[in-house]
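Q: Quick one: structure below, then a few questions.
The values are calculated or read from the model by the stated rules, or taken from the named source; none is laboratory data. Given the structure is predicted, the values throughout are model-derived calculations rather than measurements. So basically every Cβ, Gly included, is an ideal-geometry build from the backbone, and we count neighbours across all protein chains shown.
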Amino acid sequence: MSAGWPAFWMRRGIVAHALLPLAWVFGALSALRRLAYRLRWLSAWRAPVPVVVIGNVTVGGSGKTPLVLAAAQALRAAGLHPGIVSRGYRRARGAPEPMAVLPDTDVRACGDEPLLLRRLADCPVWVGRRRAHAAAALLRAHPEVDVLLADDGLQHLALLRDVEIVVVDPRGPGNGWLLPSGPLRERWQRRRDATLGPRDALASAPGEAARFALERRLGHARHLASGARLTLAELCRRHAGNALDAAAGIGDPQQFFSQLRAAGVPLRHALALPDHAAFDPDPLAMLTAPAVLVTDKDGLKCHPAMRTYDRIWSVELELDADPAFWPWLLARVARARGTR
């Protein structure tokens, strides 16, 4: 694995070339599906309020969900009433479809990212395999909502959108090829209204889209059992002389571990788990350090019955976006509202 991806996704080697025929099939099917929506052979739903889609064109995490959270907070600060829709990846079978996410909803029923958004964004969140259905249900239940944010969903063409924002990470487009030969869900040069990501990664973004720098950094660590919050430096001083353990079930676990090391956290074990990994059975049972650091998303899946629970600290993720992005976003939403 390379940065959370198979190593061959980062270069055009033998394996990537061998999979190219499958990538051509994937690309042809995706193009046919887009054509079907364009010709209205497949129907798409337009919401009565502006819809902003925040997603990526590659597999795995790139910072979409933290940006959705920050966008919801910015819209609320501007006097708007946002709502959030998400697929709810890896939801339990039999969960209501679609369903509202409440602060105490079982994470297995709604998915980790929607639950994190509901607890932190302080706005309605609904999940559903068909985001258009989730959006319609949300608006029926919350008529005060005047703008919708879609967490991921660039490829969910059944929900029409007013603004498309692509988030990229340091991996960029990898080898630039479609699945399964590369990491792309669709062409890297796809249309978008804005691209956000690290400055180095922005260089490969399409030229017609607005570009805004976006950096991610680790914030405080929160002790799950007590709720205590410490800076990472304070946590290290508390356990001076002891290396700590870390685990991450996100798109790029190595990035989390690298950020911890850059913050001065001495790591003994760094356990990389699959994105959205379930924590039942307990994957942290093998970790014996005096403190175990997990991402805030993974912290939602930890429970008191886990052997390590009293030693788990959930590390917050903070965003530093180009200040020009927020006026740009508000202007685009205001323009969309004017067309309703």
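Q: Quick one: how many residues across the range 269-310 are within 26 Å of Ser62 (Cα to Cα) and basic (Lys, Arg)?
A: 2
Q: Right, here's the next one. Would you say Glu164 is modelled with pLDDT of 90 or more and either under 20 Å from the mean Cα position of the chain (by Cα) or surrounded by 22 or more Cβ atoms within 10 Å (Cβ to Cβ) (or both)?
A: Criteria met by Glu164.
Q: Please verify whether Val25 is at pLDDT 95 or above, in contact with a strand residue (DSSP E or B) (Cβ under 8 Å, 6 or more places away or on another chain) and over 24 Å from Gly197 (Cβ atoms), treating the condition exactly as stated.
A: no
Q: Of Leu149, Leu138, which residue is at pLDDT 95 or above, assigned to a strand (DSSP E or B), buried (at least 21 other Cβ atoms within 10 Å of the Cβ) and in contact with a strand residue (DSSP E or B) (Cβ under 8 Å, 6 or more places away or on another chain)?
A: Leu149 is the lone residue from the list that is at pLDDT 95 or above, assigned to a strand (DSSP E or B), buried (at least 21 other Cβ atoms within 10 Å of the Cβ) and in contact with a strand residue (DSSP E or B) (Cβ under 8 Å, 6 or more places away or on another chain).
Q: While we're on this one: Out of everything in the range 92-108 that is surrounded by 15 or more Cβ atoms within 10 Å (Cβ to Cβ) and closer than 23 Å to Glu316 by Cα, what residue ends up being farthest from the chain's Cα centre (by Cα)?
A: Here the answer is Thr105.
Q: Against the condition among the aromatic types (Phe, Trp, Tyr), surrounded by fewer than 23 Cβ atoms within 10 Å (Cβ to Cβ) and not in a helix (DSSP H, G or I), how does Tyr89 come out, does it pass?
A: The answer is yes for Tyr89.
Q: While we're looking at this one, here's another question. Being farther than 27 Å from Trp9 by Cα and modelled with pLDDT under 90 narrows it down to one residue among Asp296, Asp280, Asp252; which is it?
A: Asp280
Q: I'd like to know if the range 70-86 contains one or more residues that are of a type in the set (D, E, K, R), touching a residue at least 60 places away in the same chain (Cβ under 8 Å) and either surrounded by 13 or more Cβ atoms within 10 Å (Cβ to Cβ) or part of a loop (DSSP other than H, G, I, E, B) (or both).
A: No, there is no match, as no residue in the range 70-86 is of a type in the set (D, E, K, R), touching a residue at least 60 places away in the same chain (Cβ under 8 Å) and either surrounded by 13 or more Cβ atoms within 10 Å (Cβ to Cβ) or part of a loop (DSSP other than H, G, I, E, B) (or both).
Q: Going by the conditions given, is Ser181 among the hydroxyl-bearing types (Ser, Thr, Tyr) and buried (at least 19 other Cβ atoms within 10 Å of the Cβ)?
A: So Ser181 fits the description; yes.
Q: Further question on the same structure: With crowded, with 21+ Cβ neighbours inside 10 Å, among the hydrophobic types (A, V, I, L, M, F, W, C) and in contact with a helix residue (DSSP H, G or I) (Cβ under 8 Å, 6 or more places away or on another chain) as the only criterion, which of Leu159, Leu230, Leu218 stands out?
A: Of the residues listed, the single one that is crowded, with 21+ Cβ neighbours inside 10 Å, among the hydrophobic types (A, V, I, L, M, F, W, C) and in contact with a helix residue (DSSP H, G or I) (Cβ under 8 Å, 6 or more places away or on another chain) is Leu159.
Q: Which one of these does Asp320 not meet: (1) out of contact with any helix residue (DSSP H, G or I) (no Cβ under 7 Å at 6 or more places or on another chain); (2) within 17 Å of Leu218 (Cβ to Cβ); (3) at pLDDT 95 or above?
A: The number of the failed condition is (3).
Q: Further question on the same structure: Under 8 Å between Cβ atoms, which residue pairs at least 6 apart in sequence (or on different chains) link something in the range 200-223 that is under 17 Å from Arg187 (Cβ atoms) and in contact (Cβ under 8 Å) with a residue 40 or more places away in the chain with a partner that is acidic (Asp, Glu) and buried (at least 17 other Cβ atoms within 10 Å of the Cβ)?
A: Between residues of the range 200-223 that are under 17 Å from Arg187 (Cβ atoms) and in contact (Cβ under 8 Å) with a residue 40 or more places away in the chain and residues that are acidic (Asp, Glu) and buried (at least 17 other Cβ atoms within 10 Å of the Cβ), the close pairs are Ala209/Asp193.
Q: Quick one: count up the residues across the range 18-59 that are among the charged types (D, E, K, R) and not in a helix (DSSP H, G or I).
A: Counting residues in the range 18-59 that are among the charged types (D, E, K, R) and not in a helix (DSSP H, G or I) gives 2.
Q: What residue, of Gly63, Gly94, is free of Cβ contacts under 8 Å to residues at least 12 places away in the same chain, among the small types (Gly, Ala, Ser) and not assigned by TED's automatic domain parsing to the domain that holds Gly251?
A: Gly94
Q: Could you check the range 98-156 and list, in sequence order, the residues that are touching a residue at least 60 places away in the same chain (Cβ under 8 Å) and closer than 26 Å to Leu179 by Cα?
A: Gly111, Asp112, Glu113, Ala132, Ala150, Asp151, Asp152, Gly153, Leu154, Gln155, His156 - these are the residues of the range 98-156 that are touching a residue at least 60 places away in the same chain (Cβ under 8 Å) and closer than 26 Å to Leu179 by Cα.
Q: Something else about it: Wholly within the range 247-338, which helices (runs of 4 or more DSSP H) include no fewer than the required count, namely at least 1 residues that are over 26 Å from Ala109 (Cβ atoms) and in contact with an Asp or Glu (Cβ under 9 Å, 6 or more places away or on another chain)?
A: Result: 253-262, 325-338.
Q: Only one of (1) at pLDDT 95 or above; (2) under 19 Å from the mean Cα position of the chain (by Cα) fails for Ala225. Which number is that?
A: Unmet condition: (2).
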